[in-house]
Amino acid sequence: MKTAADLTEDDKIRQIEALRDTINSAEKTIQSAKAMLLNLEGKKKTGRRRKVDEEYAEANIIQGTFDGQIMVGTDGKQYPVPANYASKSKLVEGDMLKLTISSDGSFIYKQIGPAERKNIIGVVGQDENENYFVIAEGKPYHILLASITYFKIEPGDEVVIVVPRSINSEWAAIENVLQKGSAGNPIFHKPVNDIPEIEKKEEEPTGEIEKIIKEKEEYTTNETSDDSSMDEWALDIEEIKKEIEKEKVGTEKV
């Protein structure tokens, strides 16, 4: 049997790690046994949280990278990311996330390392399987259905998407909707102030004098006459007016 003096440095490190694992396991077993004992005795555990419990809690925190749909943890495992969270947080491929698994099994995500981003404009499309995508700069990008639902997007809408600047990504996040409808036939809502007022139709002149004046105006528009003929016509109109006025006065007297 090798003595401590005969052990190499690597052997010492391995033994130290093995002893630590054994101690940690024993402490966890003791803590579990104490908890069971307190439960049986009808007592509640009190006092400061032990270091072992803190280390155990830290083991439930996992970091990873978002790939457009899920988080790939540093442990090599895949963890589902809620689509609503990814959509509202506008996550893109390459974002670093921290996942906390609570005691009741729920997943709590937090963005801890955003990837460098850029915004580009594209048009929404839909394939034969009813999957949505955005064509931007000649490339199609997958879009989460939660983003489509949240922004009420339809094929043909022009949108702004967020993509990682330094990664050739397959997925994109929706930043905003620029306009609804086909990009080739955009729909614009005209401001109310720009709507022209309805032109009022001029009332037609009535009465004998007005009728004569109107007929003469039409005549002067279609025919060319010199200044002298115009003067004569004006005198005729005045005479006609006087005659009509005389007739009105005579009628009133009767």
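Key figures
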item: Selection count where residues are free of Cβ contacts under 8 Å to residues at least 24 places away in the same chain and basic (Lys, Arg), scope region 68-120; result: 2
item: So ALA173, is it under 18 Å from LEU91 (Cβ atoms), touching a residue at least 60 places away in the same chain (Cβ under 8 Å) and not β-branched (Val, Ile, Thr); result: yes
item: Residue in region 154-167 that is more than 30 Å from GLU239 (Cα to Cα), out of contact with any strand residue (DSSP E or B) (no Cβ under 8 Å at 6 or more places or on another chain), part of a loop (DSSP other than H, G, I, E, B) and at pLDDT 55 or above present; result: yes
item: Residue selected from region 102-125 under the condition within 15 Å of the chain's Cα centre (by Cα) and hydrophobic (A, V, I, L, M, F, W, C), by the criterion surrounded by the fewest Cβ atoms within 10 Å (Cβ to Cβ); result: ILE121
item: Criterion violated by TYR219 - all others in (1) aromatic (Phe, Trp, Tyr); (2) more than 30 Å from GLY94 (Cβ to Cβ); (3) modelled with pLDDT of 75 or more satisfied; result: (3)
item: Within region 106-146, considering residues that are assigned to a loop (DSSP other than H, G, I, E, B) and among the polar types (S, T, N, Q), the one nearest to VAL81 (Cα to Cα); result: SER106
item: Looking only at region 147-171, and only at residues there that are among the aromatic types (Phe, Trp, Tyr) and surrounded by 15 or more Cβ atoms within 10 Å (Cβ to Cβ), the one that is farthest from ALA86 (Cα to Cα); result: PHE151
item: Among (1) under 18 Å from the mean Cα position of the chain (by Cα); (2) crowded, with 17+ Cβ neighbours inside 10 Å; (3) not assigned by TED's automatic domain parsing to the domain that holds LYS180 - the single one ALA83 does not satisfy; result: (2)
item: PRO140 vs. criteria assigned by TED's automatic domain parsing to the domain that holds GLN69, within 19 Å of GLN69 (Cα to Cα) and loosely packed, with under 15 Cβ neighbours inside 10 Å; result: no
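The values are calculated or read from the model by the stated rules, or taken from the named source; none is laboratory data. The model shown is predicted, which means the values in this text are computed figures rather than measured ones. Counting neighbours? That spans all protein chains shown, and the Cβs are built from the backbone with ideal geometry, glycine included.
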